[in-house]
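The next block holds one structure in the form of C-alpha cells; read it before the comments.
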C-alpha cells in the first residue's frame, strides 16, 4: 500500500515540512512558520518569517505586537515555499482562518487547522479542498456532539432577556471569534440595542470592525451604573463569569456560548444558568461528512477526541492515525 506524506514530520509541538523548511502552527519560535489562524494554541509569538492571511497577521499583531517577518497571503493564491507549492483556503473557523494545501512530489495534503462548516457572518465559509491526506482537528469528534442551529441558540438568549427585564444577561464568550460571531448573530436576529463588552473583549472586537465586519452598536460597559444595564446583553471572557467584577451587574443571568455546553455536567460545573451551544469547531456530523466528501487516501488527526475519529475512519476503510500534537485545545469554545 502506498504511504502518503513521507515528506511531512509530525512533532509534539507542530508539523514540520523539510522540503519547504517550514513549520505549521508550531508551539515554539521557529525560523519560518505557516499559521492557520490567530487563536493562541495555533499562533504564537517569536517566529522569524510568518506566513498567514492578512487578517491572521493583524490578529497576531494585536495580541503580540508588530510582526516584522509577516508575509500576507490571499485565499486561493498559490505561493512557493522552498520546494513546496502552498495555497491557503477558508476554514470558516474565525476571521482569517485558513486550511493550508501543500503540494509536493505529486501529492496533495491539506492541513485543516480548526474549521467548521456552519455559516458564520464574520468570516468566509469553509471550502472543501480535494487531497490525498486530510490533516484534521477532532475537538468535538464524538457522536454526542451535534451543534444545533445557531439561530436557535440566539433565540434562547433573546427569550431569556425578554423574560427578565430587571436582570441582565451575562454571556461568557471567547475573545477571538466567538464574541464577534455572537454579536453578528444577534444583529441578524434583529437585535439592535447596544451590546456591552468586558474590557478584555474590546480590542479584538474593534479589530474585527476595522477589518470590515459590521457589528452595530458595541460599547464598553466600564463605568456604567448598575441600573443602566438592566435588560441588556453583556459579553465577557468565560473566566470572568464568576469574578467579583460580575457583582456590579443587575442580577445577571449567567450564560456561556460554547460547544461544550452540550454536556450538562460542564454547564453545572461552571454554574451556567443559560447554556448556549455555539461552537466555532466542526461537530461530529460535520467532521465525518467532510471526510466522506473529500474521500482522502489517508486521514491524520491533530488534536481533540482523536481515538473516536480514527476508529470511524478505519471502519470506513480509510487509513487514519493520531498525530498527538501538544497544547491544541480550545477549552472555552
- Would you mind stating whether residue 119 is farther than 19 Å from residue 185 by Cα, part of a loop (DSSP other than H, G, I, E, B), in contact with a helix residue (DSSP H, G or I) (Cβ under 9 Å, 6 or more places away or on another chain) and modelled with pLDDT of 95 or more? no
- Message: Please return the ranges of helices (runs of 4 or more DSSP H) entirely within region 243-325 where 3 or more residues are assigned by TED's automatic domain parsing to the domain that holds residue 106 and closer than 19 Å to residue 113 by Cβ.
- Response: 284-294, 306-315
- Task: Within region 72-85, identify whether any single residue is in the same structural domain as residue 16 (by TED's automatic domain parsing) and under 22 Å from residue 203 (Cα atoms), and answer yes or no.
- Result: yes
- Quick count over region 99-155, residues being crowded, with 24+ Cβ neighbours inside 10 Å and on the phi > 0 side of the Ramachandran plot, is 1
- Determine if region 125-143 includes at least one residue that is within 20 Å of the chain's Cα centre (by Cα), touching a residue at least 24 places away in the same chain (Cβ under 8 Å) and farther than 30 Å from residue 312 by Cα. no
- Hey, can you tell me all the residues within region 295-333 that are at pLDDT below 80 and buried (at least 17 other Cβ atoms within 10 Å of the Cβ)? 328, 330, 332, 333
- Of all residues making up region 7-29, the number that are part of a loop (DSSP other than H, G, I, E, B), at pLDDT below 95 and within 20 Å of residue 296 (Cβ to Cβ): 0
- Message: If residue 65 satisfies all but one of (1) surrounded by 15 or more Cβ atoms within 10 Å (Cβ to Cβ); (2) out of contact with any strand residue (DSSP E or B) (no Cβ under 9 Å at 6 or more places or on another chain); (3) over 23 Å from residue 284 (Cβ atoms), what's the number of the condition it fails?
- Response: (1)
- Query: Among the residues of region 30-45, is any over 17 Å from the mean Cα position of the chain (by Cα), outside any loop (DSSP other than H, G, I, E, B), more than 27 Å from residue 283 (Cβ to Cβ) and in contact (Cβ under 8 Å) with a residue 24 or more places away in the chain?
  - Reply: yes
- Query: Is it the case that some residue within region 72-92 is in contact with a helix residue (DSSP H, G or I) (Cβ under 7 Å, 6 or more places away or on another chain), over 26 Å from residue 18 (Cα atoms) and either part of a strand (DSSP E or B) or touching a residue at least 24 places away in the same chain (Cβ under 8 Å) (or both)?
  - Reply: no
- Message: I need the full set of residues from region 241-269 which are surrounded by 17 or more Cβ atoms within 10 Å (Cβ to Cβ) and free of Cβ contacts under 8 Å to residues at least 60 places away in the same chain, in order please.
- Response: 261, 267
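The values are calculated or read from the model by the stated rules, or taken from the named source; none is laboratory data. Given the structure is predicted, the values throughout are model-derived calculations rather than measurements. Positions of Cβ are generated from backbone atoms using ideal geometry, with glycine treated the same way; all protein chains shown enter the neighbour counts.
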